[in-house]
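The values are calculated or read from the model by the stated rules, or taken from the named source; none is laboratory data. Remember, predicted model here, so these are calculated numbers, not experimental data. Every residue, glycine among them, receives a Cβ derived from its backbone with ideal geometry; neighbour counts consider all protein chains shown.
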Amino acid sequence: MSGPLVLGIETSCDETGVALVRDGVLVGEALASSAEEHVRFGGVIPEIASRAHLEAFVPTLHRALDAAGASLADVDAIAVTAGPGLAGALLVGVAAAKALALALDVPLWGVNHLVAHVAADTLAHGPLPSGAVALLVSGGHTSLLAVDDLPTGVRLLGETLDDAAGEAFDKVARLLGLPYPGGPQVSAAAVSGDRSAVRLPRGLTAPKDRATHGADFSFSGVKSAVSRLVAAVRDPSGRVPAAALADIAAGFEEAVVDVLTAKAVEACRAVGADTLVIAGGVAANRRLRELAAERCASAGLAVRIPPPRLCTDNGAMVAALGSLVAVRGIEASPSGFGADPALSVTVPVLRAR
Ligand code: KG4
Ligand code: ZN
């Protein structure tokens, strides 16, 4: 017998994502993005994102249902991102999900965006073995997690003390004069650069930091170092010459992925995990994927990274987590739940106390 058809809804930032998953298999999805409306501001403007979700939600829902060859009457349960994210943006998804759940008389779970990033990998590679470590690298978060059990056993091993990895990419892009969102832009610029032309700081990797901050990150140092380099090479019109830009982008990308992969492998050793999952928008980065594969192979670890389109925000990851929650028979979230912009990664699904 087949399991429940779970509708997933994601509106935590600038992507409106809707998808349907049954038994861990993605059966249809649709995505709308307001990213282009934020470009001229150099970052996501919450009011614009919320308005765009409002306009995009119903058409995106219908596109996802069409892609799945399903109708609303086929939906057995709903999962919606309850946090973390932008309050107004989250509220649009939560309100839409509540209305649908009420109208269809199906259970609704408010779920965690960060855990959903990890769950996205199950769509590509099947159930996660117990006792894995997840490196979560997004625009707002950079954490190492012990995933004893997906969906309910997630422990925080360490996190960034300042900027998230994606945020560092976005800020460095801005310093280099590249548009938002900066990650893919910096990565593309790095291709023609020399990774070892400039050596940039690796935060919290000194022996004195390893005991206390072994699983924590800091990217503010590398960002400041890039800022100084950029100031030194700018031409009189304020532009960074192409060759210098490529070398700085490559050196920066290398510094970030070096620290991320080294600490992730160490975390696996520390907790005795034999599988590393890498999730979140920055997991789409080509050099991160390459270096993680290399280092995990030499450490005897299995590495799982979703395909790039499942790394950045989407509805499929939320439906994937919803599907795992549904199969466990976890009761619906209390009907009064709201959006929680600061929801902790240790709360995969909102439950009654
Ligand atoms: O997970 P995500 O889509 O949204 C959040 O939950 O934050 O992550 C977005 C972040 C942005 O900072 C973006 O610049 C970064 O992921 N990103 C990348 C790449 N693609 C997206 N960073 C580096 N390389 C990439 N290819
Ligand atoms: Zn995300």
Exercise for the section: Taking the residues in the stretch 26-44 that are within 15 Å of ligand 1 (Cβ to nearest atom) and of a type in the set (A, V, I, L, M) as candidates, determine which candidate is surrounded by the fewest Cβ atoms within 10 Å (Cβ to Cβ). Expected result: Val39
Exercise for the section: Kindly indicate the residue of the stretch 109-138 that is over 12 Å from Val277 (Cα atoms) and buried (at least 24 other Cβ atoms within 10 Å of the Cβ) and also farthest from ligand 1 (Cβ to nearest atom) among those meeting that condition. Expected result: Trp109
Problem - Elements of type helices (runs of 4 or more DSSP H) contained in the stretch 33-111, each with 2 or more residues being touching a Ser or Thr at 6+ places or on another chain (Cβ under 6 Å) - result: 46-68, 87-104
Completion exercise
Only one of (1) within 14 Å of ligand 1 (Cβ to nearest atom); (2) over 17 Å from the mean Cα position of the chain (by Cα) does not apply to Ile330, and that is (1)
Exercise for the section: Tell me, please, whether a residue that is within 14 Å of Gly8 (Cβ to Cβ), part of a helix (DSSP H, G or I) and within 16 Å of ligand 2 (Cβ to nearest atom) can be found in the stretch 123-146. Expected result: yes
Handout entry: Matching option when the condition is of a type in the set (Val, Ile, Thr) and under 20 Å from the mean Cα position of the chain (by Cα), among Val230, Val186
Key = Val186
Exercise for the section: For the stretch 285-304, state whether one or more residues are among the aliphatic types (A, V, I, L, M), near ligand 1 (Cβ under 10 Å from one of its atoms) and not in a helix (DSSP H, G or I). Expected result: no
Problem - Search result, residues across the stretch 294-310 that are closer than 17 Å to Val21 by Cβ and in contact (Cβ under 8 Å) with a residue 60 or more places away in the chain - result: Pro306, Pro307, Leu310
Problem - Failed item in (1) within 16 Å of ligand 2 (Cβ to nearest atom); (2) exposed (fewer than 14 other Cβ atoms within 10 Å of the Cβ); (3) aliphatic (A, V, I, L, M), with Val154 passing the rest - result: (2)
Handout entry: Which numbered condition Asp313 misses (of (1) of a type outside the set (Ser, Thr, Tyr); (2) in contact with a strand residue (DSSP E or B) (Cβ under 9 Å, 6 or more places away or on another chain); (3) away from ligand 2 (no atom under 16 Å from the Cβ))
Key = (3)
Completion exercise
The correct count of residues that are basic (Lys, Arg), closer than 16 Å to Leu178 by Cα and assigned to a helix (DSSP H, G or I) in the stretch 231-284 is 0
Practice task
Can you tell me which residue among Leu204, Leu175 is modelled with pLDDT of 95 or more and away from ligand 1 (no atom under 14 Å from the Cβ)?
Solution key: Leu204
Exercise for the section: For Arg195, indicate whether it is of a type in the set (D, E, K, R), closer than 18 Å to Ala243 by Cα and at pLDDT 95 or above. Expected result: yes
Exercise for the section: Quick one: count up the residues across the stretch 1-25 that are surrounded by fewer than 24 Cβ atoms within 10 Å (Cβ to Cβ) and modelled with pLDDT of 95 or more. Expected result: 7
Fill in the blank from the handout: Listed by first then second residue, the pairs whose first member lies in the stretch 165-185 and is under 24 Å from Ser143 (Cβ atoms) and free of Cβ contacts under 8 Å to residues at least 60 places away in the same chain, whose partner is within 16 Å of ligand 2 (Cβ to nearest atom) and among the hydrophobic types (A, V, I, L, M, F, W, C), with beta carbons under 6 Å and at least 6 positions apart or on separate chains, are Gly182/Phe169
Problem - Asp170 being within 9 Å of ligand 1 (Cβ to nearest atom) and of a type in the set (Asp, Glu) - result: yes
Handout entry: Count of residues meeting criterion [surrounded by fewer than 16 Cβ atoms within 10 Å (Cβ to Cβ) and within 16 Å of ligand 2 (Cβ to nearest atom)] in the stretch 266-305
Key = 0
Handout entry: Subset of the stretch 1-32 [hydrophobic (A, V, I, L, M, F, W, C), within 16 Å of ligand 2 (Cβ to nearest atom) and part of a strand (DSSP E or B)]
Key = Ile9, Val18, Ala19, Leu31, Ala32
